[in-house]
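Here's the structure we're looking at; comments come further down.
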Amino acid sequence: MTKITEAQFRKMVALSSKRLSKNAEFINSLNVFPVPDGDTGTNMNLSFASGAKYVAESTANSVGSLAIALAKGLLMGARGNSGVILSQIFRGFYKSTEKKDVLTAADLAAALSAGVESAYKAVMKPTEGTILTVAREAAKAANKRAEETDDAVLVMKSAYEAAKSALAKTPELLPVLKEVGVVDSGGQGLTFVYQGFYDVLSGNKSEDGDSHQPSVEEMDEMVNAQHHKSVQSQLNTEDIRYGYCTEIMVRLGAGRLVDQKFDYDEFRAYLNGIGDSLLVIADDEVVKVHVHTEHPGKVLSYGQHFGSLIKVKVDNMRLQHETILEHDKEENVQEQSTAASVNGYGIIAIASGKGLNKLFRSLGATYVLNGGQTMNPSTQDIVDAVEKTHAKKVIILPNNKNILLAAQQASKIVSGVKVAVIPSKTIAQGMSALVSFNQDANLSDNEEEMAADLDTVKSGQVTVAVRDSNIDGKKIEKDHYMGIVDGKIVVTDPVCKQAAILMVKEMLDVDSEIVTVIYGTEGSASEAQEIKKAALEFDEDLEVEIHEGDQPVYPYLISVE
């Protein structure tokens, strides 16, 4: 194949998007830290899906025009650092191809190289052993092959194979990957994209691709992800056909009622007949089921034909839906009240949790964009938030290192508004910066002053380990709690409260004056009081504040100033 046509390029984009979608949870599982916040796969999937949507809706008949559409969609849909870097790769790609009706093998190789150049420029401190390395090695191999042949299939094959090879070597370049025993998640995502490109060009018959088959242990994450992606707020409660979200785990062959031999296809077919949203994962010992049905009892009794029930969970989704509608109604009321600016300023804070929303508003934020760990807003989301402030000067507090690049990208494409992004990487940093805001100062002075205050606060997070791991020589056991201070795991303990207390002890020094404890959905006010008591035993002169944050993922966010 000496030329890639518009029709073929459309297929390349569509298949790569499908591969990312099918493998998003696998990519998420490559998260280095064993915390329940791995979202690289989700971010890359949603980012590329936005690009694919723009391509599908385009009526263009040239590859160059479609590349522009892909880059535009990726730009607006980019989520998290991985999504932003992916958008920059294809920004360079489109810059190289925008005037091309079709692509030759040389054009393809040049576009991959242009993508690498664009991505490296977008990252202030490029790190080897990441998606950048995978992209660079793939482009290098493609260009070398393009010097030998005009066959675009062979050029893309070289790029894909080099991407796989570079991916396998990422643990040698990043010690933390080697320590944990995983490859780079962003590099894995890009490799799936290039695999999709190659399969279309080579005519691979298995164009749907083989998705990673999750283990039974990964099933809970899949179920949770499915609920988070729901569009329940767009439905009426009476439209819910199957009202009970039913989950069971069956230990095969065990139990007094076993009278059937397990057959995956038959088992799945029966459950599919009494519900929808079905997920069935099985190995030789256990089968895990998630299904929406009107007859949860039938699911339970059917499972007992094959083994003993070792886990059962049934939720009434109609009641849950009514709660969601009430919550959305409250959020809409809150959103409508954010139009007022402060002396011409709009201040956007990004945070997840009703309590954190109130805290940021009390400190002066004019708009709180819902998002955070596992919920990274897209570039478009941030652009929309800027417009909703109705202000000419806007300050953005990302409050998460994985949102920073998207915020910076959004600031560059908003028209008619001066935007400053304060590089706050934690909730604590965002709050500290916000206290320094001066409504009478100009934008550049505020930006300088607020950024300078980021290092005056220590940020601690407590969360649960989702797998056994070794980080920085520290052994971490699954289901134990970790205290993470400024990105480094400093303590672990099987008890959440105790992990928080140990973390506070590590955070304190002779200059410490104020400790702030923010408890989330998995924390409690009573435990927060015990953490406060322990902190005062460490230093009776401390001022300790407690706030309800309602944040997910982290039972406790603790800062020390």
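The values are calculated or read from the model by the stated rules, or taken from the named source; none is laboratory data. All values derive from a computational prediction rather than experimental measurement. Cβ: placed from backbone, ideal geometry, glycine included. Neighbour counts: every protein chain shown.
Worth pointing out:
- Filtering region 418-463 to residues that are surrounded by 15 or more Cβ atoms within 10 Å (Cβ to Cβ), small (G, A, S) and farther than 22 Å from G353 by Cα leaves A420, S436, A441, A451.
- Considered as a group, the residues in region 47-66 that are in contact with a helix residue (DSSP H, G or I) (Cβ under 6 Å, 6 or more places away or on another chain) and of a type in the set (A, V, I, L, M) include one that is nearest to K99 (Cα to Cα), and that residue is V63.
- Test set (1) within 25 Å of S424 (Cα to Cα); (2) surrounded by fewer than 17 Cβ atoms within 10 Å (Cβ to Cβ) - T516 fails condition number: (2)
- Qualifying residue in region 86-97 (condition: under 19 Å from S58 (Cβ atoms) and among the basic types (K, R)): yes
- Scan of region 173-198 for residues that are modelled with pLDDT of 90 or more and more than 20 Å from N43 (Cα to Cα), ordered by number: L173, Y198
- Any hit, region 376-399, residues being outside the structural domain of G83 (by TED's automatic domain parsing), hydroxyl-bearing (S, T, Y) and closer than 24 Å to T456 by Cα: no
- Scanning region 101-111 turns up at least one residue that is part of a helix (DSSP H, G or I), surrounded by fewer than 24 Cβ atoms within 10 Å (Cβ to Cβ) and either touching a Ser or Thr at 6+ places or on another chain (Cβ under 6 Å) or acidic (D, E) (or both).
- Among the candidates G115, G129, residue that is in the same structural domain as I27 (by TED's automatic domain parsing), in contact (Cβ under 8 Å) with a residue 12 or more places away in the chain, touching a Gly at 6+ places or on another chain (Cβ under 9 Å) and outside any helix (DSSP H, G or I): G129
- Subset of region 360-382 (residues that are surrounded by fewer than 23 Cβ atoms within 10 Å (Cβ to Cβ), in a helix (DSSP H, G or I) and either in contact with a helix residue (DSSP H, G or I) (Cβ under 9 Å, 6 or more places away or on another chain) or not polar (S, T, N, Q) (or both)): R361, Q380, D381
- Yes/no for N224 being among the polar types (S, T, N, Q) and modelled with pLDDT of 85 or more: no
- Breaking point among (1) over 25 Å from the mean Cα position of the chain (by Cα); (2) without any contact (Cβ under 8 Å) to a residue 24 or more places away in the chain, for K412: (1)
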